[in-house]
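The values are calculated or read from the model by the stated rules, or taken from the named source; none is laboratory data. Every value quoted in this text rests on a predicted model; they were computed, and no experiment measured them. When we count neighbours, we look across all protein chains shown, and the Cβ atoms used for this are built from the backbone with ideal geometry, even at glycine.
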């Protein structure tokens, strides 16, 4: 049986890995996972591992993608399956580097939305997939910028109308008090991933603490 590695909103050597992105919409997550598993069954690819994306696709710290690269370097996977290109990253530089690094290791990226992959059966690069990937990655970046602009505009309008935005200071202080070790690490300029590993918590927790620190006046923390 061919081996398969899948990456989740998170591949044949032929190994597929599903990468799916964690979302508040659990039904959507389940649908993506089911579709990718069906692809593996149809192609006789064994699922080695499912990797959940727990950070924004625009984040520079991507332990999920690093996990996939570790499996690729160890020769444990040959394909990475994702639902769509934006599942990999919304930063063009991150997305393209990820695909290039996989290709150099002989690992192909398959995205289900267009049912196409970056490497041909003979291991050579797929020109059509490369063109499509570049276009879709740019569209994902543009979509994110439009979303940010709409959000900023909405927040500005809310402020003009006198609305108080954001978490209350007390809520943020609770987050800081609950994770003093994370606070110390962040103040020491450690990376999100390093903080998570050293403090034994998830990158999402570190991100939450970091946002609380950024939004809380230093004098209020005391």
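For residue 113, the conditions (1) part of a loop (DSSP other than H, G, I, E, B); (2) at pLDDT below 80; (3) surrounded by fewer than 16 Cβ atoms within 10 Å (Cβ to Cβ) all hold with the exception of (2). Of all residues in the stretch 77-102, those that are over 21 Å from residue 143 (Cα atoms) and within 19 Å of the chain's Cα centre (by Cα) total 7. Evaluation of residue 140 against the conditions (1) within 25 Å of residue 33 (Cβ to Cβ); (2) outside any strand (DSSP E or B); (3) in contact with a strand residue (DSSP E or B) (Cβ under 9 Å, 6 or more places away or on another chain) shows that the sole unmet condition is (3).
Here's the yes/no breakdown for (1) assigned to a helix (DSSP H, G or I); (2) more than 19 Å from residue 65 (Cβ to Cβ):
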{"residue": "89", "(1), (2)": "no, no"}
{"residue": "94", "(1), (2)": "yes, no"}
{"residue": "99", "(1), (2)": "yes, no"}
{"residue": "121", "(1), (2)": "no, yes"}
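Number of residues in the stretch 32-67 that are surrounded by fewer than 17 Cβ atoms within 10 Å (Cβ to Cβ) and at pLDDT below 55: the value is 2. Being modelled with pLDDT under 55, in contact with a helix residue (DSSP H, G or I) (Cβ under 8 Å, 6 or more places away or on another chain) and closer than 25 Å to residue 193 by Cα is a condition met by no residue of the stretch 24-31. For the stretch 145-152, the count of residues that are modelled with pLDDT of 75 or more and surrounded by 17 or more Cβ atoms within 10 Å (Cβ to Cβ) is zero.
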